[in-house]
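In what follows, a single structure is set out as structure tokens and then discussed.
The values are calculated or read from the model by the stated rules, or taken from the named source; none is laboratory data. Values in this document were obtained by computation on a predicted structure and should not be read as measured data. Cβ placement follows ideal geometry from the backbone for every residue including glycine, while neighbour counts extend to all protein chains displayed.
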Amino acid sequence: MIFTSYQTKKVLLEDTEMDYIIFGQGDKHLIMIPGLSDGLKTVKGQGLLLSYYYRKFAKEFTVYIFSRKNKISEGYSTRDMAKDQKKVMDLLGIKKAYVMGISQGGMIAQYLAIDYPEIVERLVIGVSASRHNPTIEKVVGSWIQLANSNEYGRLIIDTMEKTYSDKGIKKYQPFYPIIRRIGKPKSFHRFIIQAKACLSHNAYDELDKIQCKTLVIGGDVDKVVGENTSEEMAEKIKDSKLVLYKGLGHGAYEEDANFNRQVMDFLLK
């Protein structure tokens, strides 16, 4: 399978909408929640890329990739995001699902499993953290400053250089001049609010409430959420499995071709 058909949709949520992509023909539901980049651009317009990247899941699952809602207000927390995710699942008639969250998406997924254990069949937390730490505060704090200064080019390049390994960065460096110019949002409002939610996230003391089998997966040199955050979560979640990629960081889910296979094997075991 090279390509899989997809649909880009939206669901009405109170006074705003939430964009999502759906693809696959499996009888199981897989919910995917992306990271902080969603604050700059929702999944709208990314269906071809995302359905191709996650094509391995299309046979066994009907896959939903959800953005945060389009209009968000100051103080919107990761727990609030999980609450809205539950509302949308109810609206779409999804009573139970496998859930995978990447980066900030992993933070949201934690609260989804903590607050609504009855709807999460299995949980995957990728390159994430259960609480803020000095690394998150420094890195995400600097991104907020760049966004407030409207410095999109610097924000994107710094995000990439904090995310990828030296080998990964070398592939992208020739394209820096183009990357700095494309994709700039009309407003940084959503990004800044979502970034602040990362800084206030703290689910650590409640991780033992997670009842489902959980895969915690990440890199051992993560420059965005810090080192040892995956180990910390796996130790606190009772029924969990830990997978760490040596020499990789926050971009492990893109840089290691085995990442999606690890997730797939865990979900189907």
Check: Quick check: anything in region 157-164 within 16 Å of Ile192 (Cα to Cα) and not aromatic (Phe, Trp, Tyr)?
Finding: yes
Check: Is it fair to say Ile169 is among the aliphatic types (A, V, I, L, M), more than 16 Å from the chain's Cα centre (by Cα) and within 30 Å of Leu268 (Cα to Cα)?
Finding: no
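Determine if region 103-119 includes at least one residue that is of a type in the set (S, T, N, Q) and surrounded by fewer than 21 Cβ atoms within 10 Å (Cβ to Cβ).
No, the conditions are met nowhere in region 103-119.
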Next item on the list: Among the residues of region 82-101, write down those that are touching a strand residue (DSSP E or B) at 6+ places or on another chain (Cβ under 6 Å) and either under 23 Å from Val216 (Cβ atoms) or not in a helix (DSSP H, G or I) (or both).
Entry: Ile94, Lys96, Ala97, Tyr98, Val99, Met100, Gly101
Check: Say we look at region 25-63 and pick out the residues that are farther than 17 Å from Phe259 by Cα and of a type in the set (Gly, Ala, Ser); which of these is farthest from the chain's Cα centre (by Cα)?
Finding: Gly26
Notebook entry, point to check: Just wondering, is there one or more residues in region 165-180 that are of a type in the set (Ser, Thr, Tyr), closer than 18 Å to Pro34 by Cα and part of a helix (DSSP H, G or I)?
Noted result: no
Item checked: Only one of Ala234, Ala203, Ala195, Ala257 that is out of contact with any Pro (no Cβ under 7 Å at 6 or more places or on another chain), aliphatic (A, V, I, L, M) and under 30 Å from Glu151 (Cα atoms) -> Ala195
Check: Looking only at residues in region 162-192 that are charged (D, E, K, R) and either surrounded by fewer than 17 Cβ atoms within 10 Å (Cβ to Cβ) or touching a strand residue (DSSP E or B) at 6+ places or on another chain (Cβ under 6 Å) (or both), which one is farthest from Asn148 (Cα to Cα)?
Finding: Lys167
Next item on the list: Kindly check whether there is at least one residue in region 205-215 that is in a loop (DSSP other than H, G, I, E, B) and either at pLDDT below 95 or surrounded by fewer than 20 Cβ atoms within 10 Å (Cβ to Cβ) (or both).
Entry: yes
Note to self: Return the residues of region 213-227 that are of a type outside the set (Ser, Thr, Tyr) and touching a strand residue (DSSP E or B) at 6+ places or on another chain (Cβ under 7 Å); say none if nothing qualifies.
What the structure shows: Lys213, Leu215, Val216, Ile217, Gly218, Gly219, Asp220
Item checked: So Val99, is it buried (at least 18 other Cβ atoms within 10 Å of the Cβ) and over 14 Å from the mean Cα position of the chain (by Cα) -> no
Notebook entry, point to check: Out of (1) touching a Ser or Thr at 6+ places or on another chain (Cβ under 8 Å); (2) surrounded by fewer than 18 Cβ atoms within 10 Å (Cβ to Cβ); (3) charged (D, E, K, R); (4) not in a helix (DSSP H, G or I), the odd one out for Asp158 is which?
Noted result: (4)
Checklist line | Subset of region 230-269 that is acidic (Asp, Glu) and not in a helix (DSSP H, G or I) - its residue that is surrounded by the most Cβ atoms within 10 Å (Cβ to Cβ) | finding: Asp256
Item checked: Residues within region 216-225 that are within 15 Å of Gly126 (Cβ to Cβ) and either part of a loop (DSSP other than H, G, I, E, B) or out of contact with any Phe, Trp or Tyr (no Cβ under 9 Å at 6 or more places or on another chain) (or both), tallied -> 5
